[in-house]
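Chemist: Here it is, the structure in full.
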Amino acid sequence: MSLFEMSERATKYRSDLLEFMESCVYPAEPVYEQQMAESGNPHFQPPILEELKAQARERGLWNLFHPHPEWGPGLTNLEYAPLAEIMGRSPHLAPEACNCNAPDTGNMEVFTLFGTDEHKEKYLKPLLDGTIRSAFVMTEPQVASSDATNVQLAMVKQGDEYILNGRKWFASNALHANCKVMIVMGKTDPNTATHRQQSMMVVPIDAPGVTIMRGLPVFGYQDREGHAEIDFHDVRVPAKDVLKGEGEGFAIAQARLGPGRIHHCMRAIGMAERALELLCKRAQSRVTFGKPISDNANIRDWIAEARIDIEMIRLLTLKAAYLMDTVGNKAAQVEIAAIKVAAPDIALKIVDRAIQVHGAGGVTDDFPLAGFWAHLRTLRLADGPDEVHKRAIARQELAKYKEAR
Ligand SMILES: Cc1cc2nc3c(=O)[nH]c(=O)nc-3n(C[C@H](O)[C@H](O)[C@H](O)COP(=O)(O)OP(=O)(O)OC[C@H]3O[C@@H](n4cnc5c(N)ncnc54)[C@H](O)[C@@H]3O)c2cc1C
């Protein structure tokens, strides 16, 4: 099969997903907005979303991301890419409706790879069923967390328990109405090798000593899943809830973030495609100075550039996905880093131009564009800021010529 040919099963999922988007997801968007507004609670789980989950499941559009056939359809990254892109067109609804939303997908992979039988029974199964949600808790307000070796939350061993003390923030999903469990990264041994100091532990969100301090707004939006600041005060975690073993936190973080990063990029392409579609429709339907806005050369230039840019980031995403499937996440790290920088940046530019073409309406919530912009802008930080990915790419590039140093 060539890189550009979709497998038979991916083609089938794609057409089923497109049909689901048209007949269920897009019509649900205004209902969702209305139910959220009526609830007066930014972290409300609206009934329309539960309806969509049931419909997606009935159609077999469930856990599409999961690479292990035991738990999902077992698609490759290359097969999943076009599906994630389609879900990205309605980012508040479609990914969760199909149980393919961050950060739960990454957490499910961690439980699959490193969880005990008890973790799988208690957390992985209900996560795969979509009945509970989870958070990944690494970033801290007091240290520069784009360098994960900086995390300070103390995990001190006492008998067969660890005592956790520290402060975290930007724990996405921690305010989701169904969030039950966190995967927390902290420091178990400050005196060992730099990348062996950290561990990850499974902590129920209602464990004594865990206090959710606040939900952090993103450009004024309180996202439904919430980005929480969390205080840990003498939280006791049994040693059996250390994932993979003490000192393995950094290795798990690396394993977890590869697929998660590329999924974000795939959805970003979906947002860019939808923004371009909205731009074209709006530009042709509104008239200034005697002609449709789309008849102006600069607008046509934007449209052409957007199409070229989308094709480029899609190809790079597919290449990264293909390499992940064929040579592994580690060998694909330059391509993953490259697309993690390029996709949000280019999608942001396209969304920005679509906002411009919509005039004042573009910055309101009457169109999905303002929400897309806010979300995409955070992707230049979440799962590693642009500069950190560029640093990794430049290091690999320079290494090719290290004799010149
Ligand atoms: C909406 C949103 C959701 C998030 N969800 C989660 C989550 O679920 N769980 C979680 O743990 N975290 C989450 N994060 C946090 C995110 O992962 C961190 O913000 C990110 O890793 C950067 O860490 P920091 O904010 O501490 O920035 P810092 O580490 O303080 O870095 C600040 C800036 O310094 C610059 N910089 C850093 N290193 C270099 C370098 N080597 N060269 C040049 N410039 C550099 C970059 O521009 C960077 O943005 C989320 C963030 C956002 C915005």
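Chemist: Where does the Debye-calculated log10 I(q)/I(0) of segment 199-290 sit at q = 0.14, 0.17, 0.19, 0.22 Å⁻¹, using only Cα point scatterers of equal weight, no solvent?
Modeler: The Debye formula, applied to the Cα set alone, gives -0.82, -1.03, -1.13, -1.18.
Chemist: Follow-up. Rounded to whole Hz and in sequence order, give me ³J(HN,Hα) for segment 347-356 from the Karplus expression 6.51 cos²θ - 1.76 cosθ + 1.60, θ = phi - 60°, writing x for Gly and Pro.
Modeler: 4, 4, 4, 5, 5, 4, 5, 5, 4, 4
Chemist: Per residue of segment 300-309, what does 6.51 cos²θ - 1.76 cosθ + 1.60 with θ = phi - 60° give for ³J(HN,Hα)? Whole Hz please, x for Gly and Pro, Karplus curve as stated.
Modeler: 5, 4, 4, 5, 5, 4, 4, 4, 4, 5
Chemist: Moving on to the next point. Quick one: of Lys244/Lys349; Lys122/Lys157; Lys12/Lys53; Lys168/Lys240; Lys187/Lys390; Lys120/Lys168, which pairs are farther than 31 Å apart, Cα to Cα?
Modeler: Flagged as over cut-off: Lys244/Lys349.
Chemist: Now, a different point. Under 5 Å between amide hydrogens, which residues at least 5 positions from Ala382 or on another chain qualify, with H placed 1.01 Å from N in the peptide plane?
Modeler: Result for Ala382 returns nothing.
Chemist: Can you find, among His66, Val181, Asn329, the residue farthest towards the positive end of the dipole of the chain? Put +1 on the C-beta of Lys and Arg, -1 on that of Asp and Glu.
Modeler: Most positive-ward Cα: Asn329.
Chemist: Largest first and in whole Å, what are the equivalent-ellipsoid semi-axes of the chain based on the Cα gyration tensor, each being the root of 5 times an eigenvalue?
Modeler: 35, 25, 21
Chemist: Let me ask something else. By counting other Cβ atoms within 10 Å of each Cβ, how are Ile163, Ile86 ranked from fewest to most?
Modeler: Ile163, Ile86
Chemist: Moving to a separate point now. Please say if segment 8-115 is rounded, prolate or oblate, where rounded means a/c under 1.5 for a ≥ b ≥ c the square roots of the C-alpha gyration tensor eigenvalues, and otherwise the choice is prolate for a/b larger than b/c and oblate otherwise?
Modeler: oblate
Chemist: Over segment 110-220, what is the percentage of antiparallel beta bridges among all DSSP beta bridges, to the nearest 5?
Modeler: Rounded to the nearest five, the antiparallel share is 65 percent.
Chemist: Sequence gap at least 6, Cα distance under 8 Å: using those rules, report the relative contact order of the chain to the nearest whole percent.
Modeler: Computed over the chain, the figure is 14 percent.
Chemist: So, one more: On a straight-distance basis, which aspartates and glutamates could pair with Lys125 in a cross-link, Cα separation under 13 angstrom, same-chain partners fewer than 8 positions away excluded?
Modeler: Glu70, Asp104, Glu109, Asp117
Chemist: Another question, then. Scan around Glu140 for amide H atoms under 5 Å from its own, H built in the peptide plane at 1.01 Å from N, and keep only partners 5 or more places away or cross-chain.
Modeler: It is Ser145, Trp169, by chain and number.
Chemist: Please report the relative contact order for segment 285-346, taking Cα pairs under 8 Å with a sequence separation of at least 6, and give it as a percent rounded to a whole number.
Modeler: Worked out over segment 285-346, it gives 26 percent.
Chemist: Below 8 Å, C-alpha to C-alpha, sequence gap of six or more: please give me the relative contact order for segment 134-227 in percent.
Modeler: The normalised contact order for segment 134-227 reaches 29 percent.
Chemist: So what is the calculated 222 nm ellipticity per residue for the chain, using -39500 (n - 2.57) for each DSSP H run with n of 4 or more, over all residues, to the nearest 500 deg cm²/dmol?
Modeler: Calculated from helices alone, the mean residue ellipticity at 222 nm is -15500 deg cm²/dmol.
Chemist: Shifting gears a bit: Name the shape class, rounded, prolate or oblate, that the alpha-carbon gyration tensor gives for segment 134-243, where a ≥ b ≥ c are the square roots of its eigenvalues, rounded holds for a/c under 1.5, and otherwise prolate holds if a/b is larger than b/c and oblate otherwise.
Modeler: oblate
Chemist: In segment 277-342, how many lysine pairs have Cα atoms under 29 Å apart, counting only pairs 8 or more places apart or on different chains?
Modeler: Lysine pairs satisfying the spacing and distance rule in segment 277-342 number 5.
No value in this document is a laboratory result; all are computed from the given coordinates. Fair warning: this is a prediction, and the values are worked out from it, not measured in the lab. All Cβ positions, even for glycine, are placed from backbone atoms using ideal geometry, and neighbour counts span all protein chains on display.
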